Amino acid sequence: MDTTTEQKNILGLQLPTDPRWVDLAGISLEAILTDHAWCEQKAATSCISLIQRYSAKERLVMELSPIVTEEWGHFRLVLAELNKRGLKLGPQRKDIYVNRLLEFLEKGGNPDQRFLDKLLIFALIEARSCERFKRLSEGLEDPYLRNFYRRFMESEAGHYHLFIELAEHYIDKPLVRDRWKEWLDFESRLMASAEVRGDRIH
C-alpha cells in the first residue's frame, strides 16, 4: 500500500505532507520542538474550553478530562527534550494552519452544527498532527527522536478517533460524515497552498 492510500485509510487526509518538510524540520530542531510544545499546551487548554462550554454533555466531559492530563504531559515531555538537548523553549507563535481552519467553522445558525464543527476541527488538527509525527518518526536522522515521535503519533491517532466518536454520539452519523468530508476537502486545499516550513508542526 502506498503512503497516500495508507493516510486516507487511517486518517482520511486527502493530501500528504510535502516530503521536504521533514528535512527542514530536522535542521530546525529547536524551532520544531518549541512549536510542538506549544501545540500540546494549546491542545490541553482547548479540551478544557470544550469541557467548560459543554459541561452538560456527560460523555464529553468524562472522555476529554483525561486528554487534558495527557496533553499537558506531552507538553512536559517536549519541554524535557528541549532541556536535555540544551535548547530553549521559544515564544509561542501564531499557528497559521489552525487560524485558516477556523475560517471554515460554522459561525451562526444551528447550535448542533457549531458544536459538530468544534469537534471536527479538533479531530482534523489531531489527524494532521498524527500524520506529521509519522513523517518525523520515519524521516529524522536521530534514532531517539524517531522513536520519540512514533509514541506521539500513536497517541494523536487515538485522539482523532475520539473526537469523531464524540461527534457521532451526539449528532446523526450521516451528518457527521458529510460535514467531515467537507472539512477534509477544505483542509486539502489549505495544504496545497501552504508554504513548506520546517519550524512548525502544522
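When the residues of segment 124-145 are filtered to those that are aliphatic (A, V, I, L, M) and surrounded by fewer than 23 Cβ atoms within 10 Å (Cβ to Cβ), the one that is farthest from residue 36 (Cα to Cα) is 140.
Residues of segment 54-70 being hydroxyl-bearing (Ser, Thr, Tyr) and in contact with a Leu (Cβ under 8 Å, 6 or more places away or on another chain), which ones? Reasoning before the result, please.
Of the residues in segment 54-70, the ones hydroxyl-bearing (Ser, Thr, Tyr) are 54-55, 65, 69.
Selection gives 54 alone.
Within segment 47-72, the set of residues being among the charged types (D, E, K, R), assigned to a helix (DSSP H, G or I) and either within 17 Å of residue 165 (Cβ to Cβ) or at pLDDT below 95 (or both) comprises 58, 59, 63, 70.
Looking at segment 144-154, is at least one residue hydroxyl-bearing (Ser, Thr, Tyr) and touching a helix residue (DSSP H, G or I) at 6+ places or on another chain (Cβ under 8 Å)?
Initially, segment 144-154 is screened for residues hydroxyl-bearing (Ser, Thr, Tyr), giving 144, 149.
Imposing the further condition that a residue be touching a helix residue (DSSP H, G or I) at 6+ places or on another chain (Cβ under 8 Å) reduces the set to 149.
Yes, that holds for at least one residue.
Entry remark, segment 146-167: residues being more than 13 Å from the chain's Cα centre (by Cα) and surrounded by fewer than 17 Cβ atoms within 10 Å (Cβ to Cβ) number 5 in total. Return a yes/no flag: does segment 96-104 have any residue that is surrounded by fewer than 19 Cβ atoms within 10 Å (Cβ to Cβ), in contact with a helix residue (DSSP H, G or I) (Cβ under 8 Å, 6 or more places away or on another chain), closer than 20 Å to residue 47 by Cα and free of Cβ contacts under 8 Å to residues at least 24 places away in the same chain. Taking every residue of segment 96-104 in turn, at least one turns out to be surrounded by fewer than 19 Cβ atoms within 10 Å (Cβ to Cβ), in contact with a helix residue (DSSP H, G or I) (Cβ under 8 Å, 6 or more places away or on another chain), closer than 20 Å to residue 47 by Cα and free of Cβ contacts under 8 Å to residues at least 24 places away in the same chain. Cβ-Cβ distances below 9 Å connect the following pairs, each with a first residue in segment 181-198 that is over 16 Å from residue 98 (Cβ atoms) and in contact (Cβ under 8 Å) with a residue 60 or more places away in the chain, a second residue that is assigned to a loop (DSSP other than H, G, I, E, B) and among the acidic types (Asp, Glu), and a separation of six or more residues or different chains: 196/18. If you filter segment 13-46 down to residues that are in a helix (DSSP H, G or I) and among the polar types (S, T, N, Q), you find that the one that is nearest to residue 149 (Cα to Cα) is 34. The set of residues from segment 117-155 being of a type in the set (Asp, Glu), in a helix (DSSP H, G or I) and over 15 Å from residue 12 (Cα atoms) comprises 117, 138, 154.
Can you name every residue in segment 78-97 that is in a helix (DSSP H, G or I) and within 17 Å of the chain's Cα centre (by Cα)? Let's see the steps before the verdict.
Initial filter on segment 78-97 (in a helix (DSSP H, G or I)): 78-84, 96-97.
Hits for segment 78-97 are 78, 96, 97.
The values are calculated or read from the model by the stated rules, or taken from the named source; none is laboratory data. Since the structure is predicted, the reported quantities are computational estimates derived from the model, not experimental observations. Cβ sites come from the backbone with ideal geometry, for glycine too, and all protein chains shown count toward neighbours.
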